[in-house]
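Each remark here refers to the structure printed beneath this line.
The values are calculated or read from the model by the stated rules, or taken from the named source; none is laboratory data. From a predicted model like this one, the values you see are computed outputs, not experimental measurements. Glycine also receives a Cβ, built like all others from the backbone with ideal geometry; neighbour counts cover every protein chain displayed. These accessible areas exclude ligands, DNA and RNA; they are computed on the full protein's heavy atoms, side chains included. Shrake-Rupley method; radii C 1.70, N 1.55, O 1.52, S 1.80 Å.
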Amino acid sequence: MPLANRVSKLTPSSTLAITAKAKMLRAEGHDVIGLGAGEPDFNTPEHIIEAAYQAMKEGHTKYTPSAGIPQLREAIVHKLKRDNNLTYNVDQVVVCSGAKHALYNIFQVLVNPGDEVIIPTPYWVSYPEQVKLAEGIPVFVEGKEENQFKITPEQLEEVITPKTKAVIINSPSNPTGSLYRKHELAALADVCMKHNIFIISDEIYEKLIYGDVEHVSIASLSDEVWAKTFVVNGMSKPYSMTGWRIGYVAGPQPYMKAIADLSSHSTSNPTSVAQYAALAALEGTQEPLERMKKAFQERRDKIYAQLIELPGVTCVQPEGAFYLFPNVQQVVQNSPYPTVDEWAKGLLEEEKVALVPGSAFGAPHNVRISYATSLEALEEAIKRIRRFMEK
């Protein structure tokens with residue numbers, strides 16, 4: 001029997017595939033350095049683990065409201081006001097089973113068959129797949145490397161049609177680490193308001209920004225923009241809670257009610273004890289986050305400096321997240337490999353370094369290197385990459 005059309009067109013996640021391949025080689029006894037995973041290499045902070053343990057002991061192991069426990073939703077409202085200058089009521093916030101689930105729900109309640117969703121490239125791998133699952137049409141706009149992979153209002157204007165429903169803004173970006181400035185967001189928001197289209201603002205890496213640059217939520221620019229924006233965030237990246245699966249979305253109330261109703265028929269509710277852990281993450285000490293951020297910045301600075309010394313490699317210095325996204329097209333042209341994908345495969349097979357080809361993100365000349373691993377492993381990976389290139 002054939003599969004349903006909605007899944008037959010999906011592309012498997014390249015990041016998960018690379019991670020699985022690296023784990024398989026490691027299990028066979030190979031010394032593999034995995035630079036593909038999009039998750040911090042630190043454990044969840046102890047006070048968060050303890051909060052989950054206490055929640056279990058106190059019997060918080062039953063169903064919760066589909067939109068999340070009231071205490072967590074209130075804490076999210078407070079966080080959005082404190083950190084992002086955004087004012088929401090509790091009924092405008094829905095807790096989901098991860099930020100990925102929040103995005104999936106948004107597309108399900110917003111997109112009708114044939115609606116277009118604009119996705120800047122390079123993009124996070126799940127954006128186009130989730131749009132397709134909602135029977136929408138992904139429309140790609142290239143963020144130029146010379147513009148730090150960010151799109152311009154002129155580019156956005158060019159691809160808007162009567163079928164355009166929304167645009168996705170991911171700042172800081174996965175996979176590039178690029179960060180939109182306030183004036184850049186304002187220019188994009190003006191175009192969206194002119195054409196009455198929604199903005200989906202993925203801010204999951206908001207807390208992982210380096211240097212003097214500042215994160216700005218596009219929803220904070222004006223009441224008009226706020227009313228047309230879905231703000232997506234979660235616990236996974238800032239608190240090293242990827243496996244706990246807690247994310248959230250804030251936005252226009254009618255859509256939030258629809259998302260809560262949709263969740264009630266799919267997941268029922270986010271994991272109960274994980275919600276209490278998330279509450280501790282938001283309300284407890286932020287010191288573990290600051291320590292993790294400091295380590296990421298040290299790795300970024302050292303590895304970026306070593307990476308751009310490799311012959312033929314160029315790289316935009318990331319300002320956030322924990323990825324480097326170097327352009328290796330010149331390297332590949334001077335190698336026996338026909339494409340960057342084949343080059344990356346050869347690197348894994350010969351030197352046991354796993355990174356993700358940029359084609360997975362809509363950028364076939366690049367590769368993504370996660371520096372969410374030890375500095376020692378990163379420096380060894382650069383040595384192996386250099387040796388592979390010299391071969």
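Data for the structure
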| item | result |
| --- | --- |
| Residue satisfying all of: in segment 210-221; in contact (Cβ under 8 Å) with a residue 60 or more places away in the chain and assigned to a loop (DSSP other than H, G, I, E, B); surrounded by the most Cβ atoms within 10 Å (Cβ to Cβ) among these | 217 |
| Test: residue in segment 86-101 that is basic (Lys, Arg) and more than 21 Å from the chain's Cα centre (by Cα) | no |
| Residue in segment 103-117 that is in contact with a strand residue (DSSP E or B) (Cβ under 9 Å, 6 or more places away or on another chain), among the acidic types (Asp, Glu) and within 18 Å of residue 358 (Cα to Cα) present | no |
| Residue 71 over 18 Å from residue 248 (Cβ atoms) and open to solvent by 30 Å² or more (accessible area, probe 1.4 Å) | no |
| Total residues in segment 74-89, condition touching a Ser or Thr at 6+ places or on another chain (Cβ under 9 Å), open to solvent by 70 Å² or more (accessible area, probe 1.4 Å) and either over 27 Å from residue 262 (Cβ atoms) or among the β-branched types (Val, Ile, Thr) (or both) | 1 |
| Residue that is farthest from residue 312 (Cα to Cα) [pool: residues in segment 360-379 that are without any contact (Cβ under 8 Å) to a residue 60 or more places away in the chain and open to solvent by 40 Å² or more (accessible area, probe 1.4 Å)] | 376 |
| Complete set of residues in segment 143-173 that are in contact (Cβ under 8 Å) with a residue 24 or more places away in the chain and closer than 22 Å to residue 114 by Cα | 156, 157, 159, 160, 161, 163, 164, 165, 166, 167, 168, 169 |
| Output for segment 222-263, where each listed residue is assigned to a helix (DSSP H, G or I), open to solvent by 40 Å² or more (accessible area, probe 1.4 Å) and within 25 Å of residue 166 (Cα to Cα) | 223, 224, 226, 227, 253, 254, 255, 257, 261, 262 |
| Breaking point among (1) closer than 17 Å to residue 382 by Cβ; (2) open to solvent by less than 70 Å² (accessible area, probe 1.4 Å); (3) among the basic types (Lys, Arg), for residue 302 | (2) |
| Any hit, segment 225-233, residues being touching a residue at least 40 places away in the same chain (Cβ under 8 Å), on the phi > 0 side of the Ramachandran plot and under 19 Å from the mean Cα position of the chain (by Cα) | no |
| One residue from 283, 287, 309 being over 21 Å from the mean Cα position of the chain (by Cα), charged (D, E, K, R) and under 20 Å from residue 33 (Cβ atoms) | 309 |
| Those helices (runs of 4 or more DSSP H) lying entirely in segment 277-391 with at least 2 residues in contact with a strand residue (DSSP E or B) (Cβ under 7 Å, 6 or more places away or on another chain) and under 23 Å from residue 206 (Cβ atoms) | 287-307 |
| Tabulated pairs, segment 20-34, first over 17 Å from residue 380 (Cα atoms), second open to solvent by less than 20 Å² (accessible area, probe 1.4 Å) and modelled with pLDDT of 90 or more, C-beta under 7 angstrom, 6+ apart or interchain | 21/348; 21/354; 25/32 |
| Subset of segment 116-133 [out of contact with any Asp or Glu (no Cβ under 8 Å at 6 or more places or on another chain) and part of a loop (DSSP other than H, G, I, E, B)] | 122, 123, 125 |
| Unmet criterion (only one of (1) farther than 21 Å from residue 361 by Cβ; (2) among the hydrophobic types (A, V, I, L, M, F, W, C); (3) open to solvent by 40 Å² or more (accessible area, probe 1.4 Å)) for residue 124 | (1) |
| One residue from 131, 141, 191, 111 being β-branched (Val, Ile, Thr), open to solvent by less than 40 Å² (accessible area, probe 1.4 Å) and touching a Leu at 6+ places or on another chain (Cβ under 6 Å) | 191 |
| Some residue of segment 314-326 being among the hydrophobic types (A, V, I, L, M, F, W, C), free of Cβ contacts under 8 Å to residues at least 40 places away in the same chain and in contact with a Leu (Cβ under 6 Å, 6 or more places away or on another chain) | yes |
| Test: residue in segment 274-281 that is within 23 Å of residue 390 (Cβ to Cβ), buried (at least 16 other Cβ atoms within 10 Å of the Cβ) and of a type in the set (A, V, I, L, M, F, W, C) | no |
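Here's the yes/no breakdown for (1) closer than 30 Å to residue 280 by Cβ; (2) surrounded by 16 or more Cβ atoms within 10 Å (Cβ to Cβ); (3) among the charged types (D, E, K, R):
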site: 1; (1), (2), (3): no, no, no
site: 11; (1), (2), (3): no, no, no
site: 17; (1), (2), (3): no, no, no
site: 26; (1), (2), (3): no, no, yes
site: 36; (1), (2), (3): yes, yes, no
